[in-house]
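The values are calculated or read from the model by the stated rules, or taken from the named source; none is laboratory data. Only a predicted model underlies this, so the values are computations on that prediction, with no experimental measurement involved. Glycine gets a Cβ as well: all are built from the backbone with ideal geometry, and neighbour counts include every protein chain shown.
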Amino acid sequence: MDNGLVSYKITEPMMQVFNVQEKSDWIIYNRYIQRDLELCKLLIDQDLRNTKDNNEFAFYILGLIYREEGKIKNSYWCFDRYYALNPLCVEGVKQIARSCLLLGRNDEARKMYLEAEKMSREPDTKVYYNLGLCYLNLGELDKSKEYFHRTIQLSRNQDAYEKLASIFAIENNFKNATSILISASKLFPFSTNISVDLGLLYMKQRDYDQAFNVLGNTLCQDPENPKALLTLAAEMQRNFGYDEALAKYTKAVTDLSECSETWNNIGMCFFGKHKYVAAISCLKRAIYLHPFNWIALYNLGLVHIYTRQYVSAFVFLSTSAKLNPNHAGTFMLIGLALNHMSDTRNAEKAYRKSIELNSDNPEALINLTILEINQGKIKEAEKNFHAFQEACLSCGSIDKEIIELGKQVSDAINGQPQSFDENEDEKLESDEPCYAEVE
Amino acid sequence: MSSTWIDVEINPPINLQTYNCCMTLSDVHGDNDNKFVVVDFGSGTSNPQLKIFKGLKQTHVIYLNEKPSAITTVYTDNSDQHIPCVAVVIKNEIYFYRNCKPYHKYSIQSTIIRDTEECKLWQESEDVFDLLKRLQVLSSTIGFVNLSTTSQQMLCLNECHLIEYFEKYRKNNLVKQHTITCVTELKRNKSEVYGVSCLVIATTDMISILDTESFKILPDKYELQGETAYMSAIGLYDVGYKILVATRTGRLYIFSKSSTSGFKVETTHAIVSVILRIDKFICCTIDGLLQCYTLKCVSLWNVKLPGDPMSIVNMYVQSMSLEMTVVSCNVINTDGHSKGLVLMYCGSTVIHKIPMPDPVTCIIFGRFGQEENALIMITTNGKVDIKLLKRTATFDLCVRPTLTAHVQGNLSIPKRSNVFIEQTLREREHCKEMHVRTQQTWQILQMVVSNERLNSIKQKITSQFLHTSAQLLGLGPRFKIRFLLKNLGKDPLMGINVAFLYNAQYHSIESPRCRMPIIVPETEIYCETFVTCCTYGGSDERAIDIVVSRGMNVIYRAKVNMPVYNIQTNNHNEELNDIMSW
């Protein structure tokens, strides 16, 4: 009977073997970690019935399963039961607090975690980390930083490093954020998340060499990291490396085939390579994926001006202007399109609007000057030309074409008034590669 | 694949339902032939059986009464026969079998509870139901877990057994009984295979070490929070040792001989399994991370597994001096079926893969029979699979970049179509015309809309069905505005709201908005509100707008010019001001 053992009688009569608890706890746990959740729930149900809801571990696992299934309220209830059955255990408080955090009740979660901090005999990094999260969500950045610092001091928690760096980044304290991430990347050399964040941070500080370095290393580890691919590609595109950028985008697009910004950038790469048809289809896809993406609309308008489809260009540009009425370049291009369609009255309005938005706008100024010369308003043209010259001086880099145009205009103003038909082909090549910062 | 492993053909197939902690490979008869010792839990209807396989042949079966939570083998003496004991853990007892015969039973002693509130309750209560009620109250204050096992048992009992139970235990002492959740062996003073081992026992409240020669508990005891799920020990008891303990709530402790409190790591997810090595340990969590820490709990690396981990096991191939981590994963295919994948990690890199048709739940590596390196796997449906490592097998250890077939995914960009070109050309040629046409259409549309709006406003004005008038009562600075409404139409009016718009700089209005009841034809009703003048001056902004609306439509808008109030003269105005409809 006794598992084959007959001898060794229990000497004391009161030493009874109870089989109340712990009987199937380990089986429930084993089933849980082997992801047989349905069977696990069945076992828990059976066990709770046998013990009249008195098995705390069954509630604990049930809570975890509900949390995985997204039923946070049910899981909250389970952990509440767990805590009621075992009120001296910190784990219950921590899990309830975690449920609160997941439910977005940050204040309640904070209170629970503070309670847990009091209860635990030794400093608990998980509690500190989550308190940091609570304070971050509540907007108390200083407290949040303090708790993340404590977490880092106690243990090397990768997430805490990332959060701390992001808080510094929010506060525009890039120096601290960078140093945090550098020390984190030394501790976790295999973490691509940290190195990508570091790369982006360098990018924000316009330290392109370092950014290239870090992101390149990231790509060595994880050749398909979408964030790193996009950032590098956008940077290459900025430096006119269209083919390399396209290769990177092609890799990234398998993961991000529904990202509007990616398609926008791909489209502008094709534009840079003077493949207008491909550019148009990519930009149209970007707009299809995100109809309110004003940058893609603006770019599409630009490409259409290049292909001399002024009507389409006007339509896309005016949509873009409606979505973002503060971008001077859009109005400049609208003016250009209207000018080509001989709608000089509206073209002039558009140029003026553009100049109003950004007074240091040589492109709009020169175009307005040309328009006025053609209309015979020499005086106003002269005034605008002076403004153009000043804008040229204040602006850093100016297209050679514009300077050439400026010379011709100055000849025209000084010399005999001749009509300006030939040099209306002035365009602004300003593609806006905006890289998507995923998440 | 075929150059690395030899598949053992198992015919007829062996089916076993078991868990990782209930398997071991050991030379149980001392005949230099390692047997596979396993607990078969069966389909759940029959009692579990301890089975011993010599090769593929099942040689012994021991029937067990209850489900064991762990088994292990230990050498209990230094005799030349080298026969180990199989230790089977059931609840709070450990059964030792030697040569497949019962040899000894060791029980964890229950602790007797005295002088607590609970004891008083048991002593004072005469009636079982009275006691039950009071115990329930106690349970809700101090928690069920902190009650004695005697009381816990009583709270879980069915009502029909209560009286019997009460009579049986009322005279006994209350006891707290701890069950054993996990055991592992720790060599006493010789690290060779036949060396005598101690047994490290994890109960629900502490870790203790049992001397298997005398069956006495040794003085080293460690306390921790939570129940132990896995345990692993290295070293020698007499020299120095480390015990790694993983709890069910995701905490990891390392206890060593000298220190009583261990370093601690807490994982975010439940732990699937742990492996302890000399200078580091590897832990696998259910979120699919394989993490490696030093014994001071400093993270060394972590890798993401390709699927849900089911179990991990250490694989040490002596001939190659190669230590690997074998991880069995459950990988979901693109068609939604789950398949098994057994990965071998050397450090953080995968050096070998074995695809399996079904997910592997249990896995063990070691000496099986005469074969040094055997891998025994049990899949979810209970099928046993055995693979033997070829003596000529090699593992490619150089880390090479995982070239994933270089996905030269072409961007799917549509080719230019004829229609597109035609449209483009047409647009270029006729752009002015198109633009003018669009602008004209746009203007026409604007005109149509404006006309419609004008018409609707006219209609509203002509169909006057509401007569309104306003009165201003009082001497100031507090006035009363009375706004009268009369329905001139034939149908009753409903949902009329009246709002008073005012400049807060000069006035304050008690209730600036009021909802009118139904207005029956030919009757007059009014609403009124108090206005208080705050400051003097500014005749223009002094007016109060009265807006009558029905739903979203403004029906009337009237302006009441407020008098300039002057304290000295106190000239009271009571006038009906010009009302203009809108």
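Below are the figures for this structure:
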| read-out | value |
| --- | --- |
| Search result, residues across segment A:328-349 that are touching a Lys or Arg at 6+ places or on another chain (Cβ under 7 Å), within 11 Å of chain B (Cβ to nearest Cβ) and surrounded by 19 or more Cβ atoms within 10 Å (Cβ to Cβ) | A:Met341 |
| Selection within segment A:212-223 - surrounded by fewer than 22 Cβ atoms within 10 Å (Cβ to Cβ) and either polar (S, T, N, Q) or in contact with a helix residue (DSSP H, G or I) (Cβ under 8 Å, 6 or more places away or on another chain) (or both) | A:Phe212, A:Asn213, A:Gly216, A:Asn217, A:Leu219, A:Gln221, A:Asp222, A:Pro223 |
| Failed item, numbered, when B:Thr45 is tested on (1) among the β-branched types (Val, Ile, Thr); (2) surrounded by fewer than 14 Cβ atoms within 10 Å (Cβ to Cβ); (3) in contact with a strand residue (DSSP E or B) (Cβ under 8 Å, 6 or more places away or on another chain) | (3) |
| Considering residues of segment B:347-382 that are more than 14 Å from B:Ile312 (Cβ to Cβ) and of a type in the set (Ser, Thr, Tyr) only, the residue nearest to the chain's Cα centre (by Cα) | B:Thr380 |
| Residue match in segment A:104-116 (condition: away from chain B (no Cβ under 14 Å), closer than 22 Å to A:Glu56 by Cα and of a type in the set (Asp, Glu)) | yes |
| Qualifying residue in segment B:55-64 (condition: assigned to a strand (DSSP E or B), among the hydrophobic types (A, V, I, L, M, F, W, C), more than 10 Å from chain A (Cβ to nearest Cβ) and touching a Ser or Thr at 6+ places or on another chain (Cβ under 6 Å)) | no |
| Residues that are under 20 Å from A:Leu42 (Cα atoms), within 13 Å of chain B (Cβ to nearest Cβ) and either within 31 Å of the chain's Cα centre (by Cα) or not charged (D, E, K, R) (or both), drawn from segment A:64-93 | A:Leu64, A:Ile65, A:Arg67, A:Glu68, A:Phe79, A:Tyr82 |
| Single unsatisfied condition, B:Tyr293 versus (1) within 12 Å of another protein chain (Cβ to nearest Cβ); (2) of a type in the set (Ser, Thr, Tyr); (3) surrounded by fewer than 17 Cβ atoms within 10 Å (Cβ to Cβ) | (3) |
| Meets criteria (over 22 Å from B:Val145 (Cβ atoms), at the interface with another protein chain (Cβ under 9 Å from one of its Cβ atoms) and modelled with pLDDT under 90) for A:Asp25 | no |
| Segments classed as helices (runs of 4 or more DSSP H), wholly inside segment A:224-298, with at least 1 members that are surrounded by 18 or more Cβ atoms within 10 Å (Cβ to Cβ), touching a Ser or Thr at 6+ places or on another chain (Cβ under 7 Å) and in contact (Cβ under 8 Å) with a residue 60 or more places away in the chain | A:226-238 |
| Residues (in contact with an Asp or Glu (Cβ under 8 Å, 6 or more places away or on another chain) and of a type in the set (S, T, N, Q)) located in segment B:161-219 | B:Thr179, B:Thr181, B:Asn189, B:Ser197, B:Thr204, B:Ser208 |
| Candidates B:Val39, B:Val89, filtered to the one that is within 11 Å of chain A (Cβ to nearest Cβ), under 33 Å from the mean Cα position of the chain (by Cα) and outside any loop (DSSP other than H, G, I, E, B) | B:Val89 |
| Segment A:303-327 residues that are at the interface with another protein chain (Cβ under 9 Å from one of its Cβ atoms), paired with ones that are hydrophobic (A, V, I, L, M, F, W, C) and assigned to a loop (DSSP other than H, G, I, E, B) (beta carbon under 6 Å, 6 or more apart) | A:Tyr310/A:Met341 |
| Tabulated pairs, segment B:428-442, first closer than 13 Å to A:Gln309 by Cβ and free of Cβ contacts under 8 Å to residues at least 12 places away in the same chain, second of a type in the set (Asp, Glu) and assigned to a helix (DSSP H, G or I), C-beta under 9 angstrom, 6+ apart or interchain | B:Met434/B:Glu427 |
| Which listed residue, of B:Tyr95, B:Tyr165, B:Tyr106, is more than 8 Å from chain A (Cβ to nearest Cβ), assigned to a strand (DSSP E or B) and at pLDDT 80 or above | B:Tyr106 |
| Among (1) of a type outside the set (Gly, Ala, Ser); (2) away from chain B (no Cβ under 12 Å); (3) over 38 Å from the mean Cα position of the chain (by Cα), the one test that A:Leu42 misses | (2) |
| Every residue from segment B:247-285 that is more than 11 Å from every other protein chain (Cβ to nearest Cβ) and assigned to a strand (DSSP E or B) | B:Leu252, B:Tyr253, B:Ile254, B:Phe255, B:Ser256, B:Val274, B:Ile275, B:Leu276, B:Lys280, B:Phe281, B:Ile282, B:Cys283 |
| Elements of type strands (runs of 3 or more DSSP E) in segment B:173-244, at least 1 residues being at pLDDT below 85 and of a type outside the set (Asp, Glu) | B:174-176 |
| Test for A:Ile61: is it surrounded by 23 or more Cβ atoms within 10 Å (Cβ to Cβ) and facing chain B (nearest Cβ under 9 Å) | yes |
| Subset of segment B:286-327 [hydrophobic (A, V, I, L, M, F, W, C) and either in a loop (DSSP other than H, G, I, E, B) or under 19 Å from B:Phe255 (Cβ atoms) (or both)] | B:Ile286, B:Leu295, B:Cys297, B:Val298, B:Leu305, B:Met320 |
| Only one of A:Ser183, A:Ser166, A:Ser99 that is surrounded by 24 or more Cβ atoms within 10 Å (Cβ to Cβ) and within 26 Å of B:Gln291 (Cβ to Cβ) | A:Ser99 |
| Every residue from segment B:459-491 that is out of contact with any strand residue (DSSP E or B) (no Cβ under 6 Å at 6 or more places or on another chain), modelled with pLDDT of 75 or more and among the basic types (Lys, Arg) | B:Lys490 |
| Test: residue in segment B:178-190 that is among the acidic types (Asp, Glu) and touching a residue at least 12 places away in the same chain (Cβ under 8 Å) | yes |
